[in-house]
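Here, each number is a calculation from the coordinates, and none is a lab measurement. These numbers were taken from a predicted model, which means no experiment stands behind them. So basically every Cβ, Gly included, is an ideal-geometry build from the backbone, and we count neighbours across all protein chains shown.
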Amino acid sequence: MKGIDAIDKAVLQRLGGGGFYSGTTLADDLGVSRATIWKHVRRLEALGVDIVAWPGKGYRLAAPIEWLDERLILEALSPKARGLIGTLECHAVIDSTNSKLMRSLEAHMPTGSVCLAEYQTAGRGRIGRSWVAPFGTNVCLSLLWRFQEPAEVSGLSLAVGVILIRALSSLGLCGVSLKWPNDLLVGSAKLGGILMEMSGEAHGPSGVVIGIGINRQLPKKMMKEIDQPVIDVHSMPRVRRNCQLRLD
């Protein structure tokens, strides 16, 4: 799936208001058929959107979507952090934020470039594992940084893990630990992960893409289907996707 269209967005906006919408009401509002509404609801469910369907009432989202907003994200950063950002892109649907930035390494994209996505069709973890995240709920973020000396990359994975734990702790998410090199855990359950990929010369300049995935809210059905213990932050103090995760 290459993206979401105007009807998808309109359905999400209405269903995210808290009340139920019948297929007939949605169809009338959007000027399409009920069959079209059904098709788009199924399409959104395939993206992992948690849609509640109630006979006689219609549809609603289990939880509203807070859309990624480049302006809000930049405004939430300190002036120092904002000055380190090269570019910032928010995508609705993309194959992988890491893959996007890895493809951009040779295109001279500046250091500090950031890519976020509402949904990844091919999200990746270490050793080729897939990274599962429903549409519009979790944090799927990658950062490109360029280094001039190989020694500068030494210990980077550990440093990123420590920074993430400090950032999450500042939001009241206590008890997060790092299982080196790439897992963020609460107890034995996985809260997030780090995927680092590098391109460049063995003894010269290189570019590193740092991928970060954090489970902010996972549908219960999806949590049961994942082949390892997982946890999200939904039951912890609320973390807004655009404004509160400050990595200064």
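With charges only on Cβ, +1 for K and R and -1 for D and E, what is the dipole size of the chain about its Cα centre, in debye, rounded to 20?
660 debye
Please list, or write none, the aspartates and glutamates whose alpha carbon is within less than 13 Å of the alpha carbon of K39, excluding same-chain residues fewer than 8 places away.
D5, D8
In terms of modelled amide H atoms, which long-range or inter-chain residues lie less than 5 Å from the amide H of M196?
Answer set, sorted by chain and number: G211.
Using only Cα atoms and rounding to the nearest 10 degrees, what angle (0 to 90) does helix 156-170 make with the longest principal axis of the chain?
50 degrees
Mean residue ellipticity at 222 nm from the helices of the chain, using -39,500 (n - 2.57) per DSSP H segment of n ≥ 4 over the full residue count, to the nearest 500 deg cm²/dmol?
Helix-only estimate at 222 nm: -8500 deg cm²/dmol.
Looking at the range 1-85, which chymotrypsin sites (Phe, Trp or Tyr not before Pro) are DSSP coil and have at most 15 other C-beta atoms within 10 Å of their C-beta?
F20
For the range 6-61, what mean projected area does the convex hull of the alpha carbons give, in nm²?
For the range 6-61, averaging the hull's shadow over all directions gives 3.3 nm².
Can you work out ³J(HN,Hα) from phi for every residue in the range 55-64, in order, using Karplus 6.51 cos²θ - 1.76 cosθ + 1.60 and θ = phi - 60°, giving whole Hz and x for Gly and Pro?
Each residue's phi maps through the Karplus curve to give x, x, 10, x, 10, 7, 7, 4, 8, x Hz.
Which entries of K80/K179; K9/K80; K80/K221; K179/K220; K9/K179; K80/K100 show an alpha-carbon separation above 32 angstrom in the structure shown?
Violating the 32 Å Cα-Cα cut-off are K9/K80; K80/K221; K9/K179.
Roughly speaking, what is the centre-to-centre gap between the range 157-229 and the range 29-106 when only Cα atoms are used, to the nearest Å?
21 Å
So what's the chain giving for Cα Rg divided by 2.2 N^0.38 Å, two decimals?
For the chain, the normalised Cα radius of gyration is 1.08.
So which trypsin sites (Lys or Arg not before Pro) in the range 89-152 pass both tests, a DSSP loop state and at most 14 other Cβ atoms within 10 Å of the Cβ?
Loop-located and lightly packed - R129.
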